[in-house]
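The values are calculated or read from the model by the stated rules, or taken from the named source; none is laboratory data. Since the model is a prediction, treat every value here as computed from it, not as a measurement. Here Cβ is always computed from backbone atoms with ideal geometry, including for glycine, and neighbour counts include all displayed protein chains.
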């Protein structure tokens with residue numbers, strides 16, 4: 001769980017502007033779009049080492065804040081290259097807080113704000129649980145090879161890792177993980193390593209977002225993409241991320 005008081009203080013200070021910006025991007029009223037206090041744990045859908053997720057007034061979307069230093073650049077890169085890829089969660093908007101915030105992990109770092117589709121990562125049916133179990137092992141292997149690819153400057157190591165990596169994601173080449181595997185491969189070809197792809201960060205798309213250009217059928221998608229090991233491949237080449245208050249998604 002996050003233990004970064006500066007992170008929560010920064011969120012609290014900018015929360016009204018975050019709410020207005022996110023709601024306006026969906027052409028909705030700002031009042032009540034987000035929980036009134038981002039620091040109350042009972043308002044959270046989830047919290048990890050680097051970020052928190054809140055439900056919005058629109059059941060199709062959640063809001064995430066992250067101080068993973070690479071997550072903003074990686075998401076913006078993916079949105080630019082793979083926004084409607086069937087294996088990627090739909091990101092409707094990405095912003096940053098105006099100032100850097102001190103964190104124990106990264107020192108002074110940006111805080112990224114994401115408005116993305118809600119994905120069911122706690123599915124309960126026996127059939128879907130079994131499908132997730134089939135994917136989980138390959139996904140957990142894939143993350144270690146992703147990290148090795150990102151960190152290594154030895155062409156021999158990279159070649160070996162790439163071969164092993166592709167072997168690992170081959171286990172996805174059957175429903176329901178085929179689209180996820182294709183996303184990983186497509187991203188890798190463009191130099192983006194999805195190093196946080198594991199069983200807990202793959203979920204079932206459950207809303208009809210066809211009006212946003214998203215395929216509406218139920219399928220598994222990668223929900224979280226940030227990981228410090230990816231920085232060498234992504235941090236220097238990404239679209240400029242707007243500060244919160246600049247609304248165009």
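Filtering the range 84-105 to residues that are without any contact (Cβ under 8 Å) to a residue 40 or more places away in the chain and farther than 21 Å from residue 120 by Cβ leaves only 100. Considering the range 6-122, the qualifying strands (runs of 3 or more DSSP E), each wholly inside and each with 1 or more residues that are out of contact with any strand residue (DSSP E or B) (no Cβ under 8 Å at 6 or more places or on another chain) and either surrounded by 18 or more Cβ atoms within 10 Å (Cβ to Cβ) or not assigned by TED's automatic domain parsing to the domain that holds residue 223 (or both), run over 107-109. Against the definition (over 18 Å from residue 201 (Cα atoms) and touching a residue at least 24 places away in the same chain (Cβ under 8 Å)), how does residue 58 come out, yes or no? So residue 58 passes the test. Within the range 175-210, track down each residue that is under 20 Å from residue 81 (Cβ atoms), at pLDDT below 80 and touching a strand residue (DSSP E or B) at 6+ places or on another chain (Cβ under 6 Å). Within the range 175-210, just 197 meets the criteria.
For residue 52, the criteria (1) over 30 Å from residue 186 (Cβ atoms); (2) touching a helix residue (DSSP H, G or I) at 6+ places or on another chain (Cβ under 9 Å); (3) modelled with pLDDT of 90 or more hold in every case but one, which is (1).
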